[in-house]
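Worksheet for the structure shown next.
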Amino acid sequence: MRFSAWPGSATKWEGLLDLCRHVERTGWDGLWVADHFMPNQADTSGPVQEVWTVLAAIGATVPRVRIGSLVSGNTYRNPAVLAKQAAQVDIVSGGRLVLGIGAAWQENEHTAYGIPFYTVGGRLRRLEEAVQIIKSLFTEEQTTFKGRYYELVDAPLAPKPVQRPHPPILIGGGGEQVTLRLAAQYADEWNVWGAPEVLKQKGEVLERHCEAVGRDPKSIRRSANALVFLMDDPKALEAARARGGRQAIFGNVAELQETMGRYVEAGVDELIVPDFNLGREVGQRKEAYDRFIEEVAPAFR
């Protein structure tokens, strides 16, 4: 099982880079960065790093680990422009990129930046066309595409990404009717938030979509995001559980290892651990990541 870190984009660049270098040195397998322009709250004044410039910088300065967008909002960029950016990051990183993409959901940044938000269905239909365009640009010398929302005429993409036939494309989301169908049809990897029972239930839906399109579900790697509360104090754990939900996992080392076992049984290949709840200071987050990778993860490697 892979274990990856998800540093929050609100961290200043110096701290973000320090944290990324630290998790690479301490044995984590991947680094993921969200794609947002501003906080999703009433106070939008806080700093938020931009995903593709950050990934390029990490790719050039942090060795070994996979790097990826979790996930790039399709509405924010023309898919041909996104393909060009992603190809360059794959080159800069020496072939370590995972292109995570989704329909986009954060309405306040669409409004603030003047980006059309569309309906849920409209965003998902655009996502389906975008994935087809990106795959074609990665693999073909020229791409001509005429869809409902996007049109390309003899579009080149050079230089090509390092990875062949293309960097893994991850589709993120848990929508059972459309998003999981898109993952079954187009994705190399699929990602969703949730505890093991969520991944088991959503994974079964993904498998049914794979059967409908004639695809082996084992060809799609699965990853889960969860807030991790690793605590030894029963009272602190009880309080954390009261605040948490289906997007969090709780326990001491033995309890979290039992949870990891249930992820494995649900077919999960990678656990992605955000730092959102691991402390205000970079040093606190390092300590929390260290304890997990040193005490919980080794049983699953």
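What follows is calculated from the coordinates using simple rules that are stated; it is not laboratory data. The shown structure was predicted, so the numbers you read here are calculated from the model rather than taken from an experiment. FYI the Cβ positions are ideal-geometry reconstructions off the backbone, even for glycines, and counts take in every protein chain you see.
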Selection from the stretch 240-270 of residues under 22 Å from V23 (Cβ atoms) and either touching a helix residue (DSSP H, G or I) at 6+ places or on another chain (Cβ under 6 Å) or among the acidic types (D, E) (or both) yields I249, F250, V253, L256, Q257, M260, Y263, V268, D269, E270
Output the qualifying pairs, or none if there are none: Cβ atoms under 7 angstrom, residues six or more apart or on different chains, first residue in the stretch 183-199 and touching a residue at least 60 places away in the same chain (Cβ under 8 Å) and within 19 Å of R2 (Cβ to Cβ), second residue of a type in the set (S, T, Y) and surrounded by 23 or more Cβ atoms within 10 Å (Cβ to Cβ).
-> E189/S223; N191/S223; P196/Y263; L199/Y263
Under 6 Å by Cβ, and 6 or more places apart or on different chains, what pairs join a residue from the stretch 201-215 that is farther than 9 Å from E176 by Cβ with one that is in a helix (DSSP H, G or I) and among the polar types (S, T, N, Q)?
-> V213/Q185
All conditions in (1) crowded, with 17+ Cβ neighbours inside 10 Å; (2) under 28 Å from G175 (Cα atoms); (3) in contact (Cβ under 8 Å) with a residue 24 or more places away in the chain; (4) small (G, A, S) are true of A112 except (1)
Given R285, R301, R291, which one is of a type in the set (D, E, K, R), in contact with a Pro (Cβ under 9 Å, 6 or more places away or on another chain) and in contact (Cβ under 8 Å) with a residue 24 or more places away in the chain?
-> R285
For G173: the one exception among (1) under 16 Å from the mean Cα position of the chain (by Cα); (2) surrounded by fewer than 20 Cβ atoms within 10 Å (Cβ to Cβ); (3) at positive phi | (2)
Any chance the stretch 78-88 includes a residue that's surrounded by fewer than 20 Cβ atoms within 10 Å (Cβ to Cβ) and over 20 Å from P161 (Cβ atoms)?
-> no
Can N74 be described as over 16 Å from Y289 (Cβ atoms), of a type outside the set (A, V, I, L, M, F, W, C) and crowded, with 19+ Cβ neighbours inside 10 Å?
-> yes
